[in-house]
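Asks: Below you will find the structure I want to go over with you.
Only the coordinates and a few stated rules stand behind these numbers; no lab work does. Just so you know, these numbers come straight off a predicted model, no measurement behind them. Heads up, the Cβs are rebuilt from the backbone with ideal geometry, glycines too, and the neighbour counts pull from every protein chain shown.
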Amino acid sequence: MADVREVTYDLLRSHDLTTIFGNPGSNELPFLAGMPADFRYILGLHEGAVLAMADGYALARGGSALVNLHAAAGTGNALGALTNSVYSHSPLIITAGQQVRSTIGQEVMLANVEAPTLPKPLVKWSCEPACAQDVPRSISQAIHIANLPAKGPVYVSVPYDDWGREAPPEAAHLLARRTDAAGSLSAAQLADLVGALDAAENPVLVLGPEVDARYANDDAVRLADRLAAPVWIAPSASRCPFPTRHPGFRGVLPAAVRGVTDALAGHDLVLVVGAPVFRYHQFVPGEYLPAGARLIQLTSDPAEAARAPMGEALVGDVRDALSRLAAAVTAGRRPPLPPLPERAPARTSGERLHPEELFAVLRENAPEDAVYVKESTATAAAFWAQMDLSRQGSYFFPASGGLGFGLPAAVGAQLAHDERQVIGLIGDGSANYGITALWTAAQYDIPVIIVILKNGTYGALRWFSKVLGATDAPGMDVPGIDFVRIAGGYGVAATAVRTAAEFKSALAAALRSGKPAVIEAETELTEP
Ligand code: TZD
Ligand code: CA
């Protein structure tokens with residue numbers, strides 16, 4: 001008879017979860033000992049990096065990822081990173097080792113007291129199975145919950161003496177279980193929506209991360225073309241759902257109430273697809289919508305639909321909705337939009353490399369299908385001004401705003417992508433939260449390129465401090481960090497550059513090397 005551990009490995013294999021991102025402890029060793037040969041273990045040195053690597057892997061792969069943490073301490077270290085997985089709807093299956101079942105109540109060392117409560121409210125679901133025999137079914141339940149809409153992370157705590165117990169025969173059914181969502185708009189809902197779009201004088205599309213996550217970018221382009229409507233990316237963009245050189249592309253909406261309303265002025269219908277309404281950041285109160293505008297949101301997430309402060313919402317699959325809308329709306333009601341004006345040349349500054357120059361070098365020299373994981377907060381405007389992104393899955397940014405995602409997520413994304421170069425664009429502040437992922441890149445030979453934009457300060461906070469009138473707050477600068485030596489210490493080749501020409505040649509060398517590389521670029525401070 002198979003034991004709980006064997007059945008669990010079979011179950012994980014049946015869901016293509018054969019990569020384990022983890023950092024082990026005593027509670028996890030009984031599960032990990034004798035790991036089957038078709039599984040691989042990716043060791044991260046801090047659980048924040050472990051979780052963000054798994055997240056990057058899941059996002060790039062368009063699937064779920066398995067994480068194994070050590071009890072409460074390991075879970076606690078991962079929670080900051082987990083805030084991003086909530087808002088990127090990453091179906092992470094997080095397991096944590098627990099002390100021997102009969103000793104948890106005594107609070108022995110490394111017992112995870114109230115384990116299922118610990119990761120709340122960040123996880124969609126959490127549990128510690130009621131008995132060893134229910135471990136495989138509980139993990140199966142976790143996997144299905146994580147992957148059904150709205151997707152999101154889940155957590156299962158497993159006492160380590162459970163693994164060797166006999167599994168019940170009915171656990172075999174779990175290996176064949178499949179669940180799938182079937183949330184399409186009804187014919188009547190579709191007809192209403194088509195009617196609204198056809199009747200609108202001046203409709204606008206606002207696209208969010210779910211469009212890119214559902215590989216619906218081309219459907220969005222078809223809809224925009226048929227409507228000849230402009231397209232914005234929803235505020236606080238964590239992905240890029242629309243080609244940035246398309247005639248309709250207008251940029252990323254500002255993350256403030258008044259900024260959104262001003263940008264959408266003149267539109268009578270705002271169709272928001274695959275985004276919350278809205279993820280604001282700066283508090284700039286005002287009217288939530290331009291006068292006379294109707295807002296309709298399409299999302300797979302009932303919570304996103306319910307918590308919006310205005311508008312109507314339809315909950316269902318956004319890809320299905322976009323492709324059916326694109327086929328059904330009346331084309332040719334407006335003349336096609338003219339091509340975008342030529343891009344302004346990259347800004348320069350006297351002394352230091354301007355981020356726009358750096359991004360222009362990337363645009364011209366990195367592979368056209370490169371994947372960018374960005375976590376440099378003061379360079380948002382520079383990035384969107386200079387980059388061309390045209391493909392699905394080309395851009396990832398921390399979805400909750402929690403730093404420590406970017407560098408490890410770039411490593412995880414590169415692990416998922418044999419065929420696309422992943423380039424991390426990481427601030428000299430952000431880099432530190434997940435820096436240990438460099439060691440994982442070196443040890444597992446993951447050829448990610450990490451560009452560290454070194455302006456010596458928490459640039460976005462410098463800008464925010466002006467917005468909030470708090471310019472004399474302490475703790476806003478990060479001078480004196482040598483990333484070349486840090487990267488070298490973790491086993492990753494690194495170079496420092498100061499000019500666009502130096503960056504161009506360092507980038508070319510990194511691309512040629514097929515090895516992980518860090519490029520530290522001294523850059524000018526800019527505003528987001
Ligand atoms: N800690 C965590 C975990 N997440 C955060 N978002 C912050 C602190 C606050 N924070 C921001 O929101 S932006 C920022 C901080 C510290 C500055 C990041 O600096 P950077 O990038 O060097 O990475 P820029 O380009 O200089 O802004
Ligand atoms: Ca910085």
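Asks: Per the Kirkwood formula on distinct C-alpha pairs, the Rh of the chain is how many angstrom?
Replies: Hydrodynamic radius (Kirkwood, Cα pairs) of the chain is 24.2 Å.
Asks: Could you pull out which residues in the stretch 149-165 have an amide N less than 19 Å from a spot 7 Å beyond the Cα of Leu79, following the Cα-Cβ vector?
Replies: 153-158
Asks: Tell me which residues come under 5 Å, amide H to amide H, from Ser349 once H is placed; ignore anything under 5 positions away on its chain.
Replies: His354
Asks: Follow-up question, since we're still on this one. Go through 477-485, 407-415, 455-463 and give me the packing order, highest mean Cβ count within 10 Å leading.
Replies: Descending packing order for the listed peptides: 407-415, 455-463, 477-485.
Asks: In whole Hz, what ³J(HN,Hα) sequence does the stretch 420-434 give by Karplus (6.51, -1.76, 1.60; θ = phi - 60°), x for Gly and Pro?
Replies: 10, 6, 9, 10, x, 10, 10, x, 6, x, 4, 4, 5, 5, x
Asks: OK, next. How long is the stretch 355-522 along each principal axis, judged by its Cα atoms, biggest number first, in Å?
Replies: Cα extents, longest axis first: 47, 36, 32 Å.
Asks: Next question, about the same structure. For q = 0.10, 0.18 Å⁻¹, what log10 I(q)/I(0) does the stretch 88-206 give under the Debye formula with an equal point scatterer on each alpha carbon and no solvent?
Replies: -0.47, -0.97
Asks: While we're here: Treating the beta-carbon of each Lys and Arg as +1 and of each Asp and Glu as -1, no other charges, what is the dipole magnitude of the stretch 4-176 about its Cα centre, to the nearest 20 debye?
Replies: 400
Asks: Specify which residue in the list Leu190, Val156, Ala378 is farthest towards the positive end of the charge dipole of the chain, using unit charges on the beta carbon of Lys, Arg (+1) and Asp, Glu (-1), about the Cα centre.
Replies: Leu190
Asks: So if R0 is 41 Å, what FRET efficiency would Thr18 and Thr499 give, r being the distance between their Cβ atoms, rounded to the nearest 0.05?
Replies: 0.40
Asks: So, by mean Cβ neighbours within 10 angstrom, what's the order for 321-328, 190-197 with the highest one leading?
Replies: Details: 321-328: 20.4, 190-197: 16.6.
Highest-to-lowest ranking by the protection proxy: 321-328, 190-197.
Asks: Let me ask something additional. May I ask you to compute the full-extension gain from Leu468 to Asp3, defined as 0.36 nm times their residue separation minus their alpha-carbon distance, rounded to one decimal in nm?
Replies: Extra length from Leu468 to Asp3 when fully extended: 161.5 nm.
Asks: Next up: Treat every Asp and Glu Cβ in the chain as -1 and every Lys and Arg Cβ as +1, leave all other atoms uncharged, and give the resulting dipole magnitude about the Cα centre to the nearest 20 debye.
Replies: Roughly 660 debye, rounded to the nearest 20.
Asks: Count of lysine pairs in the chain with Cα atoms under 29 Å apart, counting only pairs 8 or more residues apart in sequence or on different chains?
Replies: Lysine pairs meeting both conditions in the chain amount to 13.
Asks: Please list, ordered by chain and number, the residues whose modelled amide H lies under 5 Å from the amide H of Val497; skip anything fewer than 5 residues away on the same chain.
Replies: Glu520, Ala521, Glu522
Asks: In whole Hz, what ³J(HN,Hα) sequence does the stretch 375-380 give by Karplus (6.51, -1.76, 1.60; θ = phi - 60°), x for Gly and Pro?
Replies: 8, 10, 7, 8, 10, 4
Asks: Same structure, new question: What percent antiparallel are the DSSP beta bridges of the chain, to the nearest 5?
Replies: Of all bridge pairs located within the chain, approximately 5 percent are antiparallel.
Asks: Given contacts defined as C-alpha pairs under 8 Å and at least six residues apart, what's the relative contact order of the stretch 402-497, whole-number percent?
Replies: Values: 129 pairs, mean separation 26.1, N = 96.
The value is 27 percent.
Asks: So what's the back-of-envelope 222 nm ellipticity for the chain, counting only DSSP H runs of four-plus at -39500 (n - 2.57) apiece and dividing by all residues, rounded to 500?
Replies: -10000 deg cm²/dmol, from helical runs alone.
Asks: Can you tell me what the convex hull of the Cα atoms of the stretch 1-49 projects to on average, as an area in nm²?
Replies: Mean projected area of the Cα convex hull: 4.0 nm².
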